Amino acid sequence: MPVCFGGFFAAKAANLRAGRAVYTKMVKALERGDNTLEGHFAERSHAAILLPAIPHHMVKTIQERAVGHWSCEDNIGYCGALQD
């Protein structure tokens, strides 16, 4: 999973436009204050938001290699660990 270190990242304009709805919701959640837990998660989410979706065949491979995966809270993805 790609991540953003040091606050620097690059993205295609199309991916920025595609993530607009997510950013709108994120800004609203971050307005409640500085140095919030949401802010720390938001800093680490840029790569996932700005990259294109993972192809279905890759998702299937990841799920097959997962150890004890389950649906995360609010069905926003999967939680668990991967095996070699």
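The values are calculated or read from the model by the stated rules, or taken from the named source; none is laboratory data. The structure presented is a predicted model; accordingly, all values stated were derived computationally and were not measured. We place every Cβ from the backbone using ideal geometry, glycine too, and count neighbours over all the protein chains shown. Each accessible area value is taken on the protein alone, full model and side chains, heavy atoms only, with ligands, DNA and RNA left out. Shrake-Rupley method; radii C 1.70, N 1.55, O 1.52, S 1.80 Å.
Just for region 43-84: of the residues that are closer than 26 Å to Lys25 by Cα and of a type in the set (Asp, Glu), which one is modelled with the lowest pLDDT?
Across region 43-84, the extreme among qualifying residues is Asp74.
Please determine, by comparing only the residues of region 21-42 that are over 14 Å from the mean Cα position of the chain (by Cα) and part of a helix (DSSP H, G or I), which one is nearest to Ala53 (Cα to Cα).
My answer is Thr24.
Restricted to region 49-73, and to residues that are closer than 23 Å to Lys12 by Cβ and in contact with a Gly (Cβ under 9 Å, 6 or more places away or on another chain), which residue is most open to solvent (accessible area, probe 1.4 Å)?
Taking region 49-73 and keeping what is closer than 23 Å to Lys12 by Cβ, we get 49-59.
Imposing the further condition that a residue be in contact with a Gly (Cβ under 9 Å, 6 or more places away or on another chain) reduces the set to 49-50.
Details: Ile49: 35, Leu50: 9 Å².
The selected residue is Ile49.
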